[in-house]
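Data block below; observations after.
The values are calculated or read from the model by the stated rules, or taken from the named source; none is laboratory data. Given the structure is predicted, the values throughout are model-derived calculations rather than measurements. Positions of Cβ are backbone-derived with ideal geometry, glycine not excepted, and every protein chain shown enters the neighbour counts. These accessible areas exclude ligands, DNA and RNA; they are computed on the full protein's heavy atoms, side chains included. Shrake-Rupley method; radii C 1.70, N 1.55, O 1.52, S 1.80 Å.
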Amino acid sequence: MRAGCLTKAVIGGIVILGLAIVSLLFLPSPEPHVHLPAEEVFDISGFPVTNCIIASWLAIVVLLAMFIVGTRRMKLVPKGFQNLIEWIYETLYNFAEQAAGPRKARLFFPLFATIFLYVVMAAWLSLIPGFDMFGWVKEESEIKGAFAGEIKDIDLIKTPWLRKANSDINFPLAMAVIAFFSWTYWAIRMIGVREYSKQFIKTDNITKGIKLLSNGDFKSAPMTFFMGGVDMFVGFLEFLSRFIQIISLTFRLFGNMLAGAILILVILYLVPWFVAIPFYGLELLFGFVQALIFAGLTLVFSVIATTQESEHE
């Protein structure tokens with residue numbers, strides 16, 4: 001029995017050693033280099049197209065292809081890919097319905113589901129091996145003077161064609177701005193400008209204080225005016241918080257996605273490729289969680305914005 005265990009251990013060690021050699025020889029990793037701004041790959045009539053834009057287009061194309069294939073020949077009893085698409089749809093819709101209620105879920109669901117699917121697909125696509133290993137190579141003048149042994153083929157890549165879309169701050173910012181204007185529009189449409197403004201402009205105690213002064217109640221009026229001032233300050237903070245929501249949504253997603261990309265880059269440089277597989281698993285989970293947080297917060301903020309002041313109380 002011990003001999004059998006020893007044999008298995010030796011075979012396992014040989015397999016690990018073989019994978020390490022293959023990883024080091026045939027799957028080299030570039031030296032970690034963090035470049036925060038997205039890099040321009042080409043331009044269209046003067047409009048720069050960055051590697052993050054191309055990656056976002058790729059995520060959109062993959063999502064469209066998935067849903068076109070899954071709904072092309074729909075059957076009453078779903079099978080195969082149609083079953084997966086319907087499961088995704090039902091799961092997301094049930095989540096939105098539990099958070100927003102049946103009536104609001106129908107309105108908020110398209111934005112919530114689109115943001116979730118886009119963020120998670122953009123995150124997962126970037127984990128495909130070789131995702132950022134192709135691009136424009138450096139010119140001869142940029143590598144002149146370097147020793148041949150110090151340069152791998154992959155180090156010659158100057159501008160990769162693909163980069164994790166959400167690691168460019170412009171994409172989380174664009175989604176946050178779209179979400180902000182969406183829930184503001186829904187709030188005005190559902191409860192009206194007057195009710196929506198009551199969330200920020202709280203003048204009830206000020207009005208009450210004026211009435212007390214007009215009735216000669218000089219004892220209660222000062223405290224009522226003081227409470228009115230507190231209400232106005234709270235309303236201002238509420239108004240400010242709506243814009244801070246854009247910042248919080250943006251930097252939460254941007255920071256986490258960029259940190260994940262840097263983690264994978266450093267791990268691949270330090271250890272053989274197969275050793276980094278557990279970190280890929282963590283990034284799969286992390287991408288899902290971040291997508292759910294961004295989309296979930298968008299849903300929650302939409303519910304808060306469309307709730308009347310009396311319902312808040």
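At a glance:
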quantity	calculated
Residue that is farthest from the chain's Cα centre (by Cα) [pool: residues in segment 70-85 that are open to solvent by 100 Å² or more (accessible area, probe 1.4 Å) and within 22 Å of Thr114 (Cα to Cα)]	Met74
Answer from Phe239, Phe243 - the residue that is in a helix (DSSP H, G or I), of a type in the set (Phe, Trp, Tyr) and within 30 Å of Ala123 (Cα to Cα)	Phe243
Enumeration of residues in segment 209-264 that are under 30 Å from Phe288 (Cα atoms) and small (Gly, Ala, Ser)	Ser241, Ser248, Gly255, Ala259, Gly260, Ala261
Pick from segment 275-308, criterion more than 22 Å from the chain's Cα centre (by Cα) and surrounded by 15 or more Cβ atoms within 10 Å (Cβ to Cβ), ranking: modelled with the highest pLDDT	Thr306
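Residue-wise test of (1) within 18 Å of Thr306 (Cβ to Cβ); (2) at pLDDT 80 or above; (3) open to solvent by 50 Å² or more (accessible area, probe 1.4 Å); (4) under 30 Å from the mean Cα position of the chain (by Cα).
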site	(1), (2), (3), (4)
Gly145	no, no, yes, no
Ala148	no, no, yes, no
Thr159	no, no, no, yes
Ala165	no, yes, no, yes
Tyr185	yes, yes, yes, yes
Ile188	yes, yes, yes, yes
Thr203	no, no, yes, no
Leu213	no, no, yes, no
